[in-house]
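Only one structure is covered here, and it is reproduced in the block below.
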Amino acid sequence: MKLHHYFRFILVLVAGILLSCQMAPQQSSDAKTETTIFVVRHAEKADADPTDQDPALAPEGEVRAQELVKYMKGKKIDAIFSTPYKRTQSTVQPLAEQNGLTVQTYNPKDNAALKAQVMQNYTGKTVVIAGHSNTILPIVEAFGATKPFDAVADSKYDHIFKITISEDGTATIEPATYGAATN
């Protein structure tokens, strides 16, 4: 008699385990990994010396750099890239400090290498890239997004582009502006 109860207990236990496995939420194997890239033009540069190829930010550019921090508030930033120039570095430095990051430099003439580095090391994360009026749209295209317009005017400092790259490599773009409007 005891043996019969023992087998019945085992049968009920196994049935309970099987039932709980069927009712337990399944881990989704189709969870999507999106990579988010914000491409921003450097802020207003100082025009004191027209022969200076590496000017610092103008006072309004320093304000815009702080506006970038406000614009990105609440977003977890995993990496920040900039060209080696003072104006691009200074545009993202306050954001880097706010997020405890070091600004990584990239060659503005090699977007393929920039894309490879970002996609190899930061897939599924959020990255900010600072560039120049003549480089931000080629960066957008390098990541597979369609540029929203043909050119960025040299007087336009308020552009920011959010590129979202899905797990299958499809890129979408959301153009926006931040800080004081420029023309």
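The values are calculated or read from the model by the stated rules, or taken from the named source; none is laboratory data. These numbers come from a predicted model, not from an experiment. Please note: Cβ atoms are built from the backbone with ideal geometry, for glycine as well, and neighbour counts cover all protein chains shown. We work out accessible area using only protein heavy atoms, side chains counted, and drop any ligands, DNA or RNA first. Shrake-Rupley method; radii C 1.70, N 1.55, O 1.52, S 1.80 Å.
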Quick calc, Glu174 & Glu60: beta-carbon distance into FRET formula, R0 22 Å, rounding 0.05, result 0.30
Return the distance in nm (one decimal) between the two label points of a simple spin-label model at Glu97 and Lys76, each offset 7 Å from Cα along Cα→Cβ.
2.5 nm
Positive minus negative residues near Ile77 (Lys, Arg vs Asp, Glu; Cβ under 13 Å)
+3
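Let me check something: with ligands and nucleic acids excluded, how do Thr177, Thr33, Thr88 order by accessible area (1.4 Å probe), largest to smallest?
Numbers: Thr177 75, Thr33 55, Thr88 0 Å².
These residues rank, largest area first, as Thr177, Thr33, Thr88.
What ranking do 145-151, 41-47 get when scored by the average of other Cβ atoms within 10 Å per residue, highest first?
On the way: 145-151: 12.0, 41-47: 21.3.
Result, highest mean first: 41-47, 145-151.
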Between beta-carbons, use under 12 Å as the cut-off and find the net charge around Lys162, counting Lys and Arg +1, Asp and Glu -1.
-1
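Just order 128-138, 109-119, 156-166 by mean Cβ neighbour count inside 10 Å, highest at the front, would you? Please report the intermediate quantities before stating the final value.
Working: 128-138: 21.3, 109-119: 15.4, 156-166: 18.9.
Averaged packing, sorted descending, gives the order 128-138, 156-166, 109-119.
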Quick calc, Glu67 & Lys125: beta-carbon distance into FRET formula, R0 30 Å, rounding 0.05, result 0.85
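Which of Lys75/Lys109; Lys70/Lys109; Lys86/Lys156; Lys86/Lys109; Lys45/Lys70; Lys125/Lys156 have a Cα-Cα distance over 25 Å? Show your work: numbers first, answer last.
Values: Lys75/Lys109 28 Å; Lys70/Lys109 29 Å; Lys86/Lys156 18 Å; Lys86/Lys109 17 Å; Lys45/Lys70 20 Å; Lys125/Lys156 28 Å.
Exceeds cut-off: Lys75/Lys109; Lys70/Lys109; Lys125/Lys156.
Counting DSSP beta bridges in the range 44-183, what percent are antiparallel, to the nearest 5? Please list the in-between numbers first.
Working: 8 of 15 bridges.
About 55 percent, rounded to the nearest 5.
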